[in-house]
Amino acid sequence: MIIQPMIRGNMCVNAHPAGCAAAVRSQISSVRKWRAEQGQPKDSPKTVLVIGCSSGYGLASRIVAAFGFGATTIGVSFEKEGSDTLPPKNGTPGWYNNMAFDREAKASGIESFTINSDAFSHDTRKKVIEIVKKTDKKIDLVIYSVASVVRVDPDSGKLYRSVFKPIGEALTGETIDAMTGKITPIGTDPATDEEIFNTIKVMGGEDWALWIDQLAKADVLSEGIKTVAYSYIGPSLSYAIYRDGTIGEAKKHLEKTAKKMDAELQASLKGRAYISVNKGVVSRLSVGIPIIALYLSVLFKVMKEKGTHEGCIEQMERLFAERLYTGGAVPTDEIGRIRIDDLEMDPKVQEEVKKRMATITQDSFPKIGDLEGYRHDFLVSNGFDVEGIDYTADVASMESI
Ligand code: NAD
């Protein structure tokens, strides 16, 4: 079967198994090169749990922990498997990414355990605890990198759905078609109180706190444990849809959760809980957010011109080496958040992006935005447009990479 990208409403709905595997290998190579240049780390994680391990920031965190520091990793994600049934079923990119990660880890003698299961359920937490107990190890780093549109509350069984909406006022903005570069107006009604509540339920800190609480009760966290959840702030021009919108409320809840968790972990295990504010990158969810898609394509162009552009893997290399494992105190902003969005938020970068965004038209876009780079990242996250892959060749199996 020949697999070409299937795009529906600015989402890529299929994945190329060999392309996903090659993209994972490319991230691993980048980490190996970086580690060779860096020399021996001053400090390192040994046993790492990554919740949301199969793509984007979670996958990059896991690759850095395993291939940059040799850590045992336990990865949790919720992906649709591929199968060679009749007709064959294409798996989600994360399914193939996990397979590639495990294969490369095994080949390098690095221990890894991957669980395909709903992170929001108590059962998944039990499975992780069982695995950790069998290894006779304790977890010293928990990365929380789940991005989801739905969550079933593990106690009530109620399903909550998150939305990307502004609060208070309707929003009109523009978005970009990743494949054609066509800029189109896009509008969104303000969220209802219920939608705000539901988004906090899905993307706020409740589930992260349940994980840490249950892992601590099961005595599988080591003394000095660190845990990090990821957030985004971005430029003021996206505040209406992001920071001041429904997702921003969820992120504020996540940040509040970090404060409480940090105090509790310091008292019980001499541990720490952090928020890391990361750079905007193309992810499976971000392509559908008004303003953000256009902003990212302009941002990429400006950062590439300045030589400061980063993807998930470069961000996570810096998070581990220059923030979490320096051998000293973890550098944070004045309210305790780790900032690796520093290069994105550089005032010179933001000033230039703002200037370009104000003058953007369909005609000027190819010059002032990085459509090619944006489209490349969009396709690569589904295993397409990956160097070295022949997309005209027959794919023999949907079940393996
Ligand atoms: P992503 O979509 O690439 O990855 C999300 C992960 O969550 C996947 O591994 C997926 O399997 C997992 N997941 C979703 N639902 C799950 C469930 N029910 N059970 C288990 N796993 C589940 O997302 P991403 O863009 O890497 O985002 C990760 C985090 O980083 C989010 O908190 C996001 O807000 C934050 N962040 C993203 C950006 C960005 O630009 N993408 C920027 C800064 C911060």
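Counting helices only, and only those DSSP H runs with n ≥ 4, report the 222 nm mean residue ellipticity of the chain as the sum of -39,500 (n - 2.57) divided by its residues, in deg cm²/dmol to the nearest 500. Can you show the working numbers first?
Values: 12 runs with 154 residues, N = 401.
So the calculated ellipticity at 222 nm is -12000 deg cm²/dmol.
Cβ under 11 Å from Arg323's Cβ, Arg323 left aside: what net charge do those residues give with Lys, Arg +1 and Asp, Glu -1? Walk me through the numbers before you get to the answer.
Numbers: positive: Lys226, Arg318, Arg337, Arg339; negative: Glu317, Glu322, Asp342.
Computed value for this residue: +1.
Explain nothing, just the number: relative contact order of the chain, from Cα pairs under 8 Å at least 6 residues apart, as a whole percent. Walk me through the intermediate numbers first.
Numbers: 749 pairs, mean separation 90.5, N = 401.
Reported relative contact order: 23 percent.
Lys/Arg Cβ at +1, Asp/Glu Cβ at -1, dipole of segment 1-151 taken about the Cα centre: which of Pro41, Ile139, Gly94 is farthest positive-ward?
Ranked along the dipole, the leading option is Pro41.
With the dipole of segment 158-205 worked out from charges on the C-beta (+1 for Lys and Arg, -1 for Asp and Glu) around the Cα centre, which of Tyr160, Ala178, Phe197 lies farthest toward the positive end?
The listed residue farthest towards the positive side: Tyr160.
Using 5 Å bins from zero, what percent of all Cα-Cα pairs in segment 1-84 falls into each bin?
Over segment 1-84, the share of Cα pairs per 5 Å bin runs 3, 12, 18, 21, 18, 12, 8, 5, 2, 0 percent.
Treating only the Cβ of Lys, Arg, Asp and Glu as charged (+1, +1, -1, -1), what charge dipole size does segment 70-142 show about its Cα centre? Round to the nearest 20 debye. It would help to have the intermediate numbers written out before the result.
Numbers: 11 positive and 11 negative charges, 41 e Å.
About 200 debye.
log₁₀ I(q)/I(0) of segment 48-134 at q = 0.21 Å⁻¹, via Debye over equal Cα point scatterers, no solvent, to two decimals?
Log10 I(q)/I(0), no solvent term: -0.98.
Where the only charges are on Cβ atoms (+1 Lys, Arg; -1 Asp, Glu), what is the dipole of the chain about its Cα centre, to the nearest 20 debye? Please list the in-between numbers first.
Working: 50 positive and 54 negative charges, 134 e Å.
Dipole magnitude for the chain comes out near 640 debye.
Tell me the relative contact order for segment 236-381 as a rounded percent, counting alpha carbon contacts under 8 Å between residues six or more apart. Mind dumping the intermediate values first?
Working: 122 pairs, mean separation 42.0, N = 146.
Relative contact order for segment 236-381 comes out at 29 percent.
Among Cys20, Cys12, which comes first, second and so on when ranked by fewest other beta-carbon atoms within 10 Å?
On the way: Cys20 30, Cys12 21.
Ranked by crowding around the Cβ, least crowded first: Cys12, Cys20.
Can you check how the C-alpha radius of gyration of segment 213-344 compares to 2.2 N^0.38 Å, as a plain ratio? Please report the intermediate quantities before stating the final value.
Numbers: Rg = 16.3 Å, N = 132, 2.2 N^0.38 = 14.1 Å.
Relative to the rule-of-thumb radius for its length, segment 213-344 sits at 1.16.
Provide the FRET efficiency to the nearest 0.05 for the Leu159-Lys354 pair, computing r from the beta carbons and using R0 = 51 Å.
In this case the efficiency is close to 0.85.
For the chain, what is Rg from Cα atoms divided by 2.2 N^0.38 Å, rounded to two decimals? Walk me through the numbers before you get to the answer.
On the way: Rg = 20.5 Å, N = 401, 2.2 N^0.38 = 21.5 Å.
Expressed relative to 2.2 N^0.38 Å, the Cα Rg reads 0.96.
Looking at the chain as a GNM with Cα springs under 10 Å, which of Ile176, Ile389, Ile340 has the largest mean-square fluctuation?
Of Ile176, Ile389, Ile340, the most mobile in the Gaussian network model is Ile389.
Before anything else, pin down the relative contact order of segment 138-286: Cα pairs under 8 Å, at least 6 apart, normalised by residue count, whole percent. Present the calculation step by step, with values, prior to reporting the outcome.
Values: 255 pairs, mean separation 42.2, N = 149.
RCO, segment 138-286: 28 percent.
Are there any GluC sites (Glu not before Pro) in segment 316-401 that are in a DSSP loop and have at most 12 other Cβ atoms within 10 Å? List them by number. Please report the intermediate quantities before stating the final value.
Working: sites: Glu317, Glu322, Glu334, Glu344, Glu351, Glu352, Glu372, Glu387, Glu399; in loops: Glu334, Glu344, Glu387, Glu399.
Passing sites in segment 316-401 are Glu334, Glu387.
Along the positive direction of the dipole of the chain (beta-carbon charges: Lys, Arg +1; Asp, Glu -1; about the Cα centre), which of Ser61, Ser222, Val13 reaches farthest?
Result: Ser222.
Would you pull out the residues with amide H under 5 Å of Ser231's amide H, same chain only if 5 or more places away, H placed 1.01 Å from N?
Residues meeting the criterion, in which the H sits 1.01 Å from N, are Ser276, Val277, Asn278.
To the nearest 20 debye, what is the magnitude of the charge dipole of segment 75-228 about its Cα centre, counting +1 on the Cβ of each Lys and Arg and -1 on the Cβ of each Asp and Glu? Intermediate values should be presented prior to the final figure.
Details: 19 positive and 25 negative charges, 93 e Å.
About 440 debye.
Taking N as the number of residues in segment 103-190, what is its Cα Rg relative to 2.2 N^0.38 Å? Let's see the in-between values first.
Details: Rg = 20.5 Å, N = 88, 2.2 N^0.38 = 12.1 Å.
Dividing the Cα Rg of segment 103-190 by 2.2 N^0.38 Å gives 1.70.
Which stretch or stretches of segment 322-360 have amide N atoms under 13 Å from the point lying 7 Å from Glu305's Cα along the Cα→Cβ direction?
348-360
Each reported figure results from applying straightforward, stated rules to the coordinates on display, with no laboratory input. Every value quoted in this text rests on a predicted model; they were computed, and no experiment measured them. When we count neighbours, we look across all protein chains shown, and the Cβ atoms used for this are built from the backbone with ideal geometry, even at glycine.
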